[in-house]
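Read through the structure below, which is laid out as structure tokens, and then see the notes.
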Amino acid sequence: MFAFRQSLCAVLMSIVVCSLVLVRGGVMAADEDAKLLIGWATTDITPDQPVLLSGQFHARISGGVMDPVTATALALESPRDGSRLVMVSCDLSTMHDAVRDGVRERLRRDLPELDPMAVLLFATHTHSGPVTQILERYRPGRELIRHPYGVELDAMNPIDYVEWATARIADAVARAWRGRAPGGIAFGLGHAVVGQNRLIAYRPGHSQMYGKTDHPDFSHVEGYEDHALNILATYDRDRRLTGLVINVACPSQVSESIYQVSADFWHDTRLELRRRLGDELFVLPQTAPSGDQSPHVLVDKRAEARMERITGRSRRQQIATRIADGVAAILPFVEKEIEFSPKLQHRVETVELPRREVPEADSIQAAAEAERQRKTYEDMLQKLQSDPEVREKPNWYRDITRAHSLMKRHERVAERFELQQAHPNLPIEVHVARLGDMAFASNPFEFYLDYSLQIQSRSKAVQTFVIQLAGPGSYLPTLRSVAGGAYGAVPASTEVGPESGRQLVEWTVDAINKFWD
């Protein structure tokens with residue numbers, strides 16, 4: 001009897017042990033499935049020869065490299081949720097379709113396991129990055145633009161640069177994807193004065209971009225400023241910091257008129273963060289909606305200049321220090337709440353927005369101005385052809401390329417009167433994602449700050465990262481800016497208007513909040 005009881009106990013113990021092993025095995029398997037997989041990669045997209053620089057009406061041929069322009073990729077996957085997202089930040093002026101589609105086409109061929117539509121690409125809006133516009137934006141039936149400034153220039157053709165850069169960006173995406181491993185994320189909100197509203201309002205009621213504040217009619221700065229630092233930090237399985245996503249409401253345009261390739265203040269920021277946090281740190285910048293913002297100082301200029309002098313830091317270095325200080329202030333706290341299995345969801349859609357209508361009278365006026373600029377351009381072109389020695393003068397191309405750009409700018413306004421009859425809506429690509437208690441939302445525009453605040457205030461996420469220039473750009477101003485009439489609010493600067501801004505806000509808020517419903 002005793003032997004029978006011993007045997008029975010042994011059997012029961014075996015069953016219990018096996019059950020515990022199975023349960024533990026099931027939990028471990030569940031934990032494995034729940035883990036977030038994270039991969040990082042970066043690549044240099046600095047050309048090794050002179051290129052055209054984006055950001056002004058006149059052409060600029062680079063005469064060297066002030067600092068490298070890069071592309072940084074962050075790959076995220078949640079096997080539990082079946083969701084994937086790759087965010088790619090590029091030190092470029094805008095994310096033109098040719099770059100975005102070129103990267104995705106290469107990924108379809110070289111990385112078939114990743115849906116290319118899970119890849120969200122955006123630009124930091126540096127005005128010292130290579131020109132990448134080789135297609136007319138937001139137009140059906142587009143053809144390649146072989147000479148964007150209307151004259152052949154002694155620089156790498158943008159078509160060739162796009163081909164070269166997209167190969168490197170796609171390779172970075174593939175490396176980030178293939179290198180993903182279990183890790184965790186933490187997030188937080190810091191602050192740093194980087195962007196400032198660049199629209200100056202005067203007592204008669206009009207606004208001016210970069211207007212003088214020492215003018216007797218200066219009334220106020222037109223809009224709000226947002227000094228928030230939205231920060232996402234990634235960690236490996238041993239809780240070591242691997243990378244940072246930093247979302248700032250300011251384009252990178254301190255060095256916006258130079259004749260050198262530059263990533264602007266993001267280069268200085270990367271250097272400062274790596275000096276403090278480690279040379280291997282990945283830094284992925286996001287430009288939050290800031291169509292009406294700038295890093296330039298319009299108030300307290302003398303005081304700011306004095307502080308640069310006594311600190312020994314340039315404007316770019318001042319910004320880098322402020323961002324690094326803001327990051328350093330919150331990292332010790334957010335890393336106490338690292339999540340290793342946050343929920344990940346991603347959605348991408350094509351949203352149609354009504355085009356901003358151009359009245360027939362405005363179209364006629366634009367056509368007349370386009371013709372005036374055409375005459376200026378053609379006269380200069382004829383002189384250039386009859387006297388090739390003009391090319392020997394420094395910056396000989398400045399005036400003729402400006403005339404060509406202004407001609408094309410007014411032509412586009414004139415053409416829109418008929419375009420809006422046949423194509424009243426503008427289709428745009430928009431991404432939204434949830435990562436734990438965070439939300440991410442993109443748009444292709446230079447989105448005015450007020451729209452971002454509306455999205456953030458109504459989002460159910462604890463923290464919402466809104467990303468502009470995930471597309472070819474053009475301004476999307478607010479109603480008050482249209483009334484002020486400054487540069488970014490006029491028809492020539494815009495494809496859609498405040499009504500489309502309101503619709504895009506509504507769509508984005510609804511899409512984000514469905515992740516929490």
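The values are calculated or read from the model by the stated rules, or taken from the named source; none is laboratory data. Every value quoted in this text rests on a predicted model; they were computed, and no experiment measured them. Backbone-built Cβ (ideal geometry, glycine too); neighbour counts: all protein chains shown. For the accessible areas, the whole protein counts, side chains as well, though only heavy atoms, and no ligand, DNA or RNA atoms are used. Shrake-Rupley method; radii C 1.70, N 1.55, O 1.52, S 1.80 Å.
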Let me make sure I get this right: for the range 449-517, a, b and c are the square roots of the gyration tensor eigenvalues over alpha carbons, sorted descending. Under 1.5 in a/c it's rounded, otherwise prolate if a/b > b/c, else oblate. Which is it?
prolate
Any chance you could give the angle, 0 to 90 degrees and rounded to 10, that helix 265-277 forms with the longest Cα principal axis of the chain?
30
With label points built 7 Å along Cα→Cβ from the Cα atoms of ASP510 and ARG139, find their separation and express it in nm.
3.2
With R₀ set to 41 angstrom, the calculated FRET efficiency between the beta-carbons of GLU105 and LEU271, to the nearest 0.05, is 0.75
The helix 498-516 Cα axis meets the longest alpha-carbon principal axis of the chain at an angle in degrees, between 0 and 90 and rounded to 10, of 10
Give me the distance in nm between label points sitting 7 Å out from Cα along the Cα-to-Cβ direction at GLU499 and GLN345, one decimal.
3.2
For LYS343, which sequence-distant residues (separation of 5 or more, or a different chain) have an amide H within less than 5 Å of its own amide H, given hydrogens modelled in the peptide plane?
GLY436
Once both labels are modelled 7 Å past Cα along the beta-carbon direction, what's the ARG372-ARG313 spacing in nm?
4.6
Within the accessible area of the chain, what % is carbon and sulfur when the probe is 1.4 Å and the other protein chains stay in place?
51
Placed amide H near VAL496: partners under 5 Å, 5+ positions off or other chain:
ARG356
Segment GLN421-ASP325, extension gain: residue separation times 0.36 nm, minus the distance between their alpha carbons
29.4 nm
Note the count of lysine pairs whose C-alpha atoms are less than 24 angstrom apart in the chain, limited to pairs 8 or more residues apart or on different chains.
14
Tell me, which longest segment in the chain has none of the trypsin sites (Lys or Arg not before Pro) that fall in DSSP loops with at most 12 further Cβ atoms within 10 Å?
241-517
Compute, for the range 62-130, the length of the dipole vector about the Cα centre, with Cβ point charges of +1 (Lys, Arg) and -1 (Asp, Glu) only. Units Debye, rounded to 20.
100
Whole number in Å², please: accessible area per residue of the range 293-333, 1.4 Å probe, ligands, DNA and RNA not counted.
53
Average accessible surface area per residue within the range 90-141, 1.4 Å rolling probe, Å²:
31
So how tilted is helix 315-334 from the main axis of the chain? Cα-based, degrees 0 to 90, rounded to 10.
20
Express the accessible area of the range 184-240 per residue in Å², computed with a 1.4 Å probe while the remaining protein chains stay in the model.
48
Any chance you could run the full-extension gain for ALA303 through SER457? It's 0.36 nm times the residue separation minus the Cα-Cα distance, nm to one decimal.
52.1 nm
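Over the range 82-147, what is the mean sequence separation of C-alpha contacts under 8 Å (at least six apart), divided by residue count, expressed as relative contact order in percent? Kindly include the intermediate steps, with their values, before the conclusion.
On the way: 83 pairs, mean separation 27.3, N = 66.
So the answer I get is 41 percent.
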In whole Hz, what ³J(HN,Hα) sequence does the range 422-434 give by Karplus (6.51, -1.76, 1.60; θ = phi - 60°), x for Gly and Pro?
7, 9, x, 10, 10, x, 10, 8, 10, 10, 9, 8, 10
Place +1 on the Cβ of every Lys and Arg and -1 on the Cβ of every Asp and Glu in the chain, take the dipole about the Cα centre, and give the residue among LEU449, LEU353, ASN230 whose Cα lies farthest towards its positive end.
ASN230
If you average the C-alpha positions of the range 365-431 and of the range 132-196 separately, how far apart do those two centres end up, in angstrom?
24
Which Cα, out of ALA123, MET156, LEU271, lies furthest along the positive dipole direction of the chain (beta carbon charges, K/R +1, D/E -1)?
LEU271
